[in-house]
Amino acid sequence: MTSAIQVVVAAYVQTNQLDALLDLKAHREQLAASIRDRDDFDFGVLLGQLEGDIGAIEAGIRRLRAGADSRVDTDL
């Protein structure tokens, strides 16, 4: 089953919105950083989800950048 973040990332990749993906990644990283050192509750499941989200977002960023690189190569 496709996760919600994968659907969002796919939409941003399809519409070539690199800045939106970078913002989304930064937001997820800020969330993870804000809970990583807390000891009042076990946030392991949430951290795992955030890390998975960040991985999916990074994959989308790589796809966009690879596509941009290939377009530059064909323009030469």
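Brief remarks follow.
- Couplings 3J(HN,Hα) of the stretch 24-35, computed from phi: 4, 5, 4, 5, 4, 5, 5, 4, 4, 5, 6, 10 Hz, in residue order, whole Hz [Karplus 6.51 cos²θ - 1.76 cosθ + 1.60, θ = phi - 60°; x for Gly and Pro].
- Per residue, in Å², the accessible surface of the stretch 11-76 once ligands and nucleic acids are set aside, probe 1.4 Å: 71
- Ligands, DNA and RNA left out, the 1.4 Å accessible surface of the chain is 54% carbon and sulfur atoms.
- For the stretch 15-22, Karplus couplings with θ = phi - 60° (6.51, -1.76, 1.60), whole Hz, Gly/Pro x: 9, 6, 10, 4, 4, 5, 5, 5
- For E58, neighbours were defined as the other residues whose beta-carbon sits under 11 Å from its Cβ, and their charges (Lys and Arg +1, Asp and Glu -1) total +2.
- Simple Cβ-charge dipole of the chain, Lys/Arg +1 and Asp/Glu -1, about Cα centre, in debye nearest 20: 260
- Whole-Hz ³J(HN,Hα) from phi, Karplus 6.51 cos²θ - 1.76 cosθ + 1.60, for the stretch 37-50, glycine and proline x: 9, 6, 10, 8, 7, 8, 9, x, 5, 5, 4, x, 5, 5
- Loop-located chymotrypsin sites (Phe, Trp or Tyr not before Pro) in the chain (DSSP state other than H, G, I, E, B) with a sparse environment of at most 10 neighbouring Cβ atoms within 10 Å: F41.
- Translational D in µm²/s for the chain (Stokes-Einstein at 25 °C, 0.890 mPa s, Kirkwood Rh from C-alpha pairs): 180
The values are calculated or read from the model by the stated rules, or taken from the named source; none is laboratory data. Keep in mind the model is a prediction, meaning the values are calculated, not measured. Glycine gets a Cβ as well: all are built from the backbone with ideal geometry, and neighbour counts include every protein chain shown. Areas reflect the complete protein model, heavy atoms only, side chains present, ligands, DNA and RNA absent. Shrake-Rupley method; radii C 1.70, N 1.55, O 1.52, S 1.80 Å.
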